[in-house]
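First comes the structure, then the notes that go with it.
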Amino acid sequence: MSMRFQADLGQLSTFGFQKTVIYESIVTTLNSDCTSNAAPMGITLQDEKHLTLTIFNTSKTLQNLKTNPYAVINFTCDIELFYKTVFKKTLFTGNLPLEWFVPAEYVAAKKLQAAEVALEVTVIDSKPLNDEKTLVICRIEHLTSSPIGVSQLYSRAFALTLEALINATRIETYHTNSQKQAQTNKLAEQIFDYAQIVERVAPNSIYTTVMVEMQKQIALWRQPQ
Ligand SMILES: Cc1cc2nc3c(=O)[nH]c(=O)nc-3n(C[C@H](O)[C@H](O)[C@H](O)COP(=O)(O)O)c2cc1C
């Protein structure tokens, strides 16, 4: 399915996007020699037409966007692609494999062949956040989805909340066993750490609500009888 993007948050939400949640994507940009670069980056939807990225100043992606303000935000569940785009300098000599990329339809950049959902974007503004990072604001020009659609938009909040729930099931079993207090404490500490990250990557979301409720329940279990 390929659709010209209409300004409608409803359409994005059918793909699972929620505002405030950071989704992990692979951002493709054009290098100065017209080859393509790809790097994992988190994106946040601001409204029906805009999304933001927070990009390290040292990255090739930011450098590319300064000279050619177009990109494709590719969503894929292929973890090997995340690995290979992080370790590209050691895994590939020169450019990334050409067969990974296909032309975008509305912007001067290429998208990943493997993308389940791709958002073609134009950079409309950028603001330095500190010495290390720049906030990049993009307008969404076009959305494409593979025929099978998207199986999952990846958010760290989902994985961490699920991990916390698994810890909770162990705490439920262990908390009455005096031999298991050290393990129970460790599991509760991990949940606390996960909750901090979830607060950062998905504020005011269903994930933060679940984290808070879960911790209340665990505190009740662990109350001295
Ligand atoms: C899942 C994931 C998400 C990431 N998110 C960001 C991000 O939002 N901003 C950023 O600057 N780097 C992010 N990184 C790190 C960059 O992908 C990494 O520094 C990469 O090497 C940059 O490549 P480039 O120099 O080709 O742009 C992320 C890495 C991973 C694995």
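Quick look at the values:
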| read-out | value |
| --- | --- |
| Cα gyration tensor shape for segment 42-153, rounded if a/c is under 1.5, else prolate or oblate | oblate |
| Dipole magnitude of segment 156-222, debye to nearest 20 (Cβ charges: Lys/Arg +1, Asp/Glu -1, about Cα centre) | 120 debye |
| Residue-by-residue Karplus 3J(HN,Hα) for segment 48-57, coefficients 6.51, -1.76, 1.60, Hz, glycine and proline x | 5, 10, 10, 9, 10, 10, 10, 10, 4, 4 |
| The chain - charge dipole about Cα centre, Lys and Arg +1 at Cβ, Asp and Glu -1, debye rounded to 20 | 380 debye |
| Rg/Rh ratio calculated on Cα atoms of the chain (Kirkwood radius) | 1.06 |
| Karplus (6.51, -1.76, 1.60) ³J(HN,Hα), θ = phi - 60°, over segment 122-137, in Hz, Gly and Pro reported as x | 10, 6, 10, 6, 8, 9, x, 8, 6, 5, 9, 10, 10, 8, 10, 9 |
| Flagged links, alpha-carbon separation over 29 Å, of K84/K110; K84/K133; K49/K216; K89/K186; K88/K186 | K49/K216; K89/K186; K88/K186 |
| Length-normalised contact order for segment 2-145 - Cα pairs under 8 Å, 6+ apart - percent | 28 percent |
| Residue-by-residue Karplus 3J(HN,Hα) for segment 82-93, coefficients 6.51, -1.76, 1.60, Hz, glycine and proline x | 4, 4, 5, 7, 6, 9, 4, 5, 8, 7, 10, 8 |
| Segment 97-213: C-alpha pair distances exceeding 17 Å, % | 71 percent |
| Helix-only mean residue ellipticity at 222 nm for the chain, each DSSP H run of n ≥ 4 adding -39500 (n - 2.57), per residue, nearest 500 | -11500 deg cm²/dmol |
| Under-5 Å amide H pairs with V27, H placed in peptide plane, nonlocal only | A39, M41, N74 |
| Computed lengthening from C77 to I166, 0.36 nm per intervening residue step minus Cα-Cα distance | 29.9 nm |
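Values quoted throughout were computed directly from the atomic coordinates according to the rules given, and no laboratory measurement underlies them. This one's a predicted model, so the numbers in the text were calculated from it and none came from an experiment. Cβ sites come from the backbone with ideal geometry, for glycine too, and all protein chains shown count toward neighbours.
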